[in-house]
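The values are calculated or read from the model by the stated rules, or taken from the named source; none is laboratory data. Bear in mind that the values here come from a model prediction, so they are computed numbers and not experimental data. In this analysis, Cβ positions are derived from the backbone assuming ideal geometry, glycine residues included, and neighbour counts consider all displayed protein chains. Accessible surface areas use protein heavy atoms only, side chains included; no ligands, DNA or RNA. Shrake-Rupley method; radii C 1.70, N 1.55, O 1.52, S 1.80 Å.
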Amino acid sequence: MAKLMLLTLLGLGLALFRDHRASYQARLNAFREVKPVELPNCNLVKGIESGSEDLEILPSGLAFISSGLNYPGIKSFEPDKPGKILLMDLNEEDPTVLELKITGSKFDHSSFNPHGISTFTDEDNTVYLLVVNHPHFKSTVELFKFQEEEKSLLHLKTIRHELLPNLNDIVAVGPEHFYATNDHYFVDHYLRSWELYLGLAWSYVVYYSPTEVQVMADGFDFANGINISPDGKYVYIAELLAHKIHVYEKHANWTLTPLKSLDFNTLVDNISVDPVTGDLWVGCHPNGMRIFFYDPENPPASEVIRIQNILTEEPKVTRVYAENGTVLQGSTVASVYKGKLLIGTVFQKALYCEL
């Protein structure tokens, strides 16, 4: 009888393992192959070799790019070098990047590990850059003031909070006010891996201000990119492993109410919003297995989608760019400026295209 019970338990365990493995593979889109979508004139950006995970373009055409992300479980080509913030002027004919100097006595350059970024421009046209940072694989938000003449960032403040333990992306709604995604619930790396494998949809979105910090949305299977509509009325959240983008209505007290969700056949990463049209531009991973288990012989592909009229009953979704990884590996973000498209990646290069 004991042997029979043991065999039954083993059988149940194997069945559960197979179910979870199948679910894990489906959530990672493990078997999807990419059908290419080409753009007429694309060039790799000189000076970017170790990632351009997130980017933000100012109305003037200056683009901030976070580079050098070192994230647990993800490939890094320069794991021993600190990250950096790059600047690119998209008004130039053949734009190149320069590294912004960071000033401020309390900032530790050696552990700088930038992830998601967002800008906020004050009434006096002061530009603040908020950067998700992972010093020693922890999570902080670094607040910088952009000094355009000096081509530098003045470090103003480091923000830490117990509700900001696993930050991924951020959208600023004030100099020290933002919404941010936590892509995991657990902080421990071992528990994080099981959370990912089992599909525990426990990640969440937080609103932060100096006087109030609160969870505003939860139940996500890896909350990732986040952004806001040009009129400030709606917040968009990418749920990476559920292949969804959620639309939330933002209220005057900063709370969020779910409005609708869109499903995709790709892993949606960072969201950029066109300030003129309100269109969403999303960097995506067609096959997430190749991101989390990197093989240079079978590299992760890149994909960019555009979502028009997202608030209507029939949004228009267009695959603008797709490539199997021979040119661009692991696209995470895409943003437009005057008919040009800038695409960033988690650990590799960046691409600049004409639309």
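Considering only residues of the range 42-95 that are within 12 Å of Leu342 (Cα to Cα) and β-branched (Val, Ile, Thr), which is surrounded by the most Cβ atoms within 10 Å (Cβ to Cβ)? Across the range 42-95, the extreme among qualifying residues is Ile65.
Let me spell it out: the conditions are (1) of a type in the set (A, V, I, L, M); (2) surrounded by 16 or more Cβ atoms within 10 Å (Cβ to Cβ); (3) out of contact with any Phe, Trp or Tyr (no Cβ under 9 Å at 6 or more places or on another chain), and Ile343 meets all of them except one. Which number is the exception? The one condition Ile343 does not meet is (3). Just the residues that are hydroxyl-bearing (Ser, Thr, Tyr) and open to solvent by 20 Å² or more (accessible area, probe 1.4 Å), please, taken from the range 306-333. Scanning the range 306-333 gives Thr312, Thr318, Thr326. For the structure I just gave you, tell me whether Gly116 is open to solvent by less than 60 Å² (accessible area, probe 1.4 Å) and either on the phi > 0 side of the Ramachandran plot or among the basic types (Lys, Arg) (or both). Taking the combined requirement at face value, the residue does not satisfy it. I need every pair where a residue in the range 185-214 that is closer than 20 Å to Pro72 by Cβ and open to solvent by less than 30 Å² (accessible area, probe 1.4 Å) has its Cβ under 8 Å from the Cβ of a residue that is among the aromatic types (Phe, Trp, Tyr) and part of a loop (DSSP other than H, G, I, E, B), sequence separation at least 6 or different chains. The qualifying pairs are Arg192/Phe186; Glu195/Tyr185; Glu195/Phe186; Glu195/Trp202; Leu196/Phe222; Ser203/Tyr185; Ser203/Phe222; Tyr204/Tyr185.
Yes or no: Glu303 in a strand (DSSP E or B) and crowded, with 16+ Cβ neighbours inside 10 Å? The answer is yes for Glu303. Go through the range 28-64 residue by residue and tally those that are in contact with a Lys or Arg (Cβ under 9 Å, 6 or more places away or on another chain) and part of a strand (DSSP E or B). The number of residues fulfilling the criteria is 2. Candidates in the range 253-279 are the residues that are of a type in the set (A, V, I, L, M, F, W, C), more than 18 Å from the chain's Cα centre (by Cα) and assigned to a strand (DSSP E or B); of these, the one that is farthest from Ile228 (Cα to Cα) is Leu259.
Being outside any strand (DSSP E or B), modelled with pLDDT of 95 or more and aromatic (Phe, Trp, Tyr) is a condition met by at least one residue of the range 219-238.
Of the numbered criteria (1) open to solvent by 10 Å² or more (accessible area, probe 1.4 Å); (2) farther than 17 Å from Asn70 by Cα; (3) under 22 Å from the mean Cα position of the chain (by Cα), the one Leu129 fails is (1).
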